[in-house]
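The values are calculated or read from the model by the stated rules, or taken from the named source; none is laboratory data. For clarity, every value in this text was computed on a predicted model and none was experimentally measured. Here Cβ is always computed from backbone atoms with ideal geometry, including for glycine, and neighbour counts include all displayed protein chains. When the accessible area is computed, the model is the full protein with side chains, heavy atoms only, and any ligands, DNA or RNA have been set aside. Shrake-Rupley method; radii C 1.70, N 1.55, O 1.52, S 1.80 Å.
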Amino acid sequence: MTTAAFKVTMHMVSSLDGIVAKKDNSVSWFETSSNYEKGISGQDPEEFLKTIDCYVMGSRTYEHALELSKSYGWAYGDKPTIVVTSRKLPTERPNIEFYSGDLKKLVNERIKSTYKNVWLVGGPMLAKDFIRLKLVDEIRISILPIILGDGTLFFDRVGLEQALNLKDVTCYKNGLVELSYEILKV
């Protein structure tokens, strides 16, 4: 666990037009043949993932991750993962916990006392709720070099204006651009 102050980071991978999932849920668009000479090579994913203490995700993201894990393995490792749902879902791993209820209580009474670096990894409906309730400290969007034209939008009718402060921009050799914003809590 990190020693930094508590932080909830919302992370999403999207197309340039803001789509996070195709209608058929395929992920082939994640692979890019783009080449950006000025970009950097990515940091060591294993080292980076060690900095995350806990994941939070919605039920549809969980179901999609389970399906993808059959081909690619479980993307979230052995880190505690809280799935926000009111449905009965299969528990495929011992580090999975299901939660149904008040999101402010989840964050302030359960997560905050145990973890420091929490990542909200999907989906858009849960992300909107976290933004509306002002439970997010940072938004990181990894934009892939593709326009999908149709699918699930990441920010679709959030319902409130939210000021942001650009913290960082990172361009990778594969054409992916990562934008990191601090949420201004006014």
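Taking the charge dipole of the stretch 35-83 about its Cα centre, with +1 at Lys and Arg Cβ atoms and -1 at Asp and Glu Cβ atoms, the residue from 81, 51, 39 reaching farthest to the positive side is 81.
The dipole here belongs to the chain: it is taken about the Cα centre, uses +1 on the Cβ of Lys and Arg and -1 on the Cβ of Asp and Glu, and is about 580 debye.
Among residues other than residue 60 whose Cβ falls under 11 Å from its Cβ, what is the net charge (Lys/Arg +1, Asp/Glu -1)? Local net charge: -1. Between residue 164 and 184, the built amide H atoms are under 5 Å apart, and every one of these is 5 or more places off in sequence or on another chain.
Atom-type composition of the exposed protein surface of the chain places 51 percent of the accessible area on carbon and sulfur (1.4 angstrom probe). Within the chain, which is the longest segment that contains none of the GluC sites (Glu not before Pro) sitting in a DSSP loop with at most 14 other Cβ atoms within 10 Å? It works out to 93-160. Projecting label points 7 angstrom from Cα along Cα→Cβ for residue 87 and residue 129 puts them 1.4 nm apart.
Counting other Cβ atoms within 10 Å of each Cβ, which chymotrypsin sites (Phe, Trp or Tyr not before Pro) in the stretch 28-71 have at most 14 and sit in a DSSP loop? Here no chymotrypsin sites (Phe, Trp or Tyr not before Pro) fit, given the DSSP loop and packing criteria.
In this label model, residue 169 and residue 35 are separated by 2.4 nm, measuring between points 7 Å along each Cα→Cβ vector.
3J(HN,Hα) along the stretch 140-155: 10, 10, 9, 9, 8, x, 7, 10, 8, x, 7, x, 8, 7, 6, 10 Hz, from the Karplus curve 6.51 cos²θ - 1.76 cosθ + 1.60 with θ = phi - 60°, whole Hz, x for Gly and Pro. For the stretch 26-156, the solvent-accessible area of protein heavy atoms averages 56 Å² per residue (probe radius 1.4 Å; ligands and nucleic acids excluded).
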